[in-house]
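The values are calculated or read from the model by the stated rules, or taken from the named source; none is laboratory data. Note that the structure is a prediction, hence the values are computed from the model and not measured. Here the Cβ positions follow ideal geometry from the backbone for every residue, glycine too, while neighbour counts run over all protein chains shown.
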Amino acid sequence: MPKLRDRLREDYRPLKANEVRLIEVSRDDNKGITIDVETSDLRDPSTCFKTISYVWGEKQNVATIRIENEQKRLSIPRNAYAALELICEESSSFKIHELFWIDCICINQSDEDEKSRQIRLMEDIFMLSNHSIVWLGPRSHDSDEAMALLQELATRRRELEAAYKITHRRVTPDDLSKDRRWNALEALLLRPWWRRVWTFQEFILPKGSMTLWCGGKNITRGALRDAIYAIWICKPDHLIDHDSWQAAWERRRVLQHVSKQEGVVKTSLLALMAYNGSNLVHKPVDRIYGVFGALTSRDERDMVQSLEICVGVGSTYTALVKAWIKTHAKLDIICYASIFTGRSPISEKRKLPSWVPNWSLPTGTFVVPLMVSEGDNFVPVWSVPGHEKYNASRATRPNCTFFDDGLRLQCAGIAIDYIDGLGAIDDENCPLVQSRWHHECATAWSLNSEPPNRRELPTSTTEELLDIVIRCLVLDRQDRYLNQPVRVENFRNDFLEKLLADKVEHDGLSRDFRNWYHKNRDLRIRGTRLEDLCKRSAPRSPPAHTSKEERNLPDNPQRPNQLWANGSSIDDYARGSHGNGISERPAGRSHLHSIWLQGASHTERDRRQ
């Protein structure tokens, strides 16, 4: 918003440590907003106030308030003004002389030093407030209907959950399928508040009560959690866009982890930043401090608090990566550069090193973004605690050095094997690189050790080789989320039926799948072409199925003895339902494009080049 030069900004008294400004709100004789400002110490147990969470909105869209008993006026975002109007109008919900905290007034926006100090107090401010108000925005033509549907879904949560536990099927009841309020709910859940990184922790942090307001209608945070879970049970994809309610679902899940799993699961900075990758940020530092309040790792909290708030994407994120490596003695963080990559929409002061993730870029939401993040993710609470499987380096500390003013990272590694063949993807820069199985390997070995003796490898049958391909496709891992072993025979049948079918299906996914196969059918796996492997194999019974509903299988079984991969198909992985490997594709691209064959993926090729 435009730089404010209001008289009040000039008269702000500097705040002491742990001090905050609080305001009392009322109407003046002209029906405008008047405030009275006072300071309070957060450590004082008698301090009682309510916080207001909102989004600033357009920079030019401002309104003016008056300071009581003084001839001073202050410009604030119009959306904040509307939230203050709510306090004045809802006399049954808010008492006279109550105190409130709202950032646009209570922080001197013209003083960068004060803003920095108050940002570090945000966690305490929201945690210590006795009530929190979320302002989603003013009433629209259908917002009342949306709020009413949320309330109904919250009320029916137990009924819907009971039916789900019996059938293990997520379906929308007939009466809700005919409900015309779903479009209104979609519009409500697409409002900006759900997708701002700062409002994320403002939803998570408050220990006291919380109400979310849209116009004059409200719903409690507890009821919202029930309503969002009810939406998940209903699976109303034919009634409401799936992406519209995902932001609310993500906040519900993190709140569940933070509130119920305290002391059991440590929420890490990398997991929070990846899980909130779709949230929008204004400054590079917002991605870090916008999730700080949800951090439960003491080491990482100390690390973030010791960071200097830098200017520019390059300086901020480079400092974070270096501090993280120093704190954890691991290099896992640089793997996130494969997800958060590209040109930043935020002005940069210096170029971002290739090994530094660009968190200013919005991405999709990643529950388990990388193999290196298996131990810290936001999987369903029922699957925690689990067993972390990704620990190849064990206790070995990384041998790395920063030089060239900290912009270059030099790492020492251990030679395990060399890449023998790369599958092609739908990119002219990533063609098929044929296996050298029957050729002299020494010339391809670029490291200072001898290549492994290929003749010592065990002889594999056609079926075993094809199983290797299937396992690569579905990433047969046992982390906290994909914690069930894969039934390879089910995927093998589905895989072969789709590739060898006489009739090509017309949906985009099948075309994408067959296109991948066409590009890679000549790739040799231990000397045998992929196409030959497929033709020598024949689909076995039972035949491939098209949906979980036809098999009456659970969508999300919660018992460890259930092999839920048994109810999935190759299509599930192509859609990204289960695969959680490194992804460098635009949204909607098939996971089959990142197939891992002979121990390598196209991501590794990019790094090699």
Sole exception among (1) touching a strand residue (DSSP E or B) at 6+ places or on another chain (Cβ under 8 Å); (2) modelled with pLDDT of 85 or more for residue 407, by number:
(1)
Those residues of region 17-34 that are basic (Lys, Arg) and touching a residue at least 24 places away in the same chain (Cβ under 8 Å) come to a total of 2
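The rows are residues; the columns are (1) assigned by TED's automatic domain parsing to the domain that holds residue 203; (2) crowded, with 17+ Cβ neighbours inside 10 Å; (3) acidic (Asp, Glu); (4) within 32 Å of the chain's Cα centre (by Cα).
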position	(1), (2), (3), (4)
40	no, yes, no, no
43	no, no, no, no
47	no, no, no, no
50	no, yes, no, yes
88	no, no, no, no
101	no, yes, no, yes
104	no, yes, no, yes
112	no, no, yes, yes
124	no, no, yes, yes
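Assess whether residue 147 counts as being crowded, with 18+ Cβ neighbours inside 10 Å, part of a helix (DSSP H, G or I) and modelled with pLDDT under 95.
On the way: crowded, with 18+ Cβ neighbours inside 10 Å: yes; part of a helix (DSSP H, G or I): yes; modelled with pLDDT under 95: no.
No: the conditions fail for residue 147.
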Residue 266 passes all but one of the listed conditions (1) crowded, with 18+ Cβ neighbours inside 10 Å; (2) at pLDDT below 90; the exception is number (1)
Checking residue 322 against (1) charged (D, E, K, R); (2) over 30 Å from residue 407 (Cα atoms); (3) modelled with pLDDT of 90 or more; (4) surrounded by fewer than 22 Cβ atoms within 10 Å (Cβ to Cβ), which single condition isn't satisfied?
(2)
The listed residue being surrounded by fewer than 16 Cβ atoms within 10 Å (Cβ to Cβ), touching a residue at least 12 places away in the same chain (Cβ under 8 Å) and within 27 Å of the chain's Cα centre (by Cα), out of 191, 169, 195:
169
Exception for residue 509 within (1) at pLDDT below 60; (2) over 24 Å from residue 416 (Cα atoms); (3) in a loop (DSSP other than H, G, I, E, B) falls at (3)
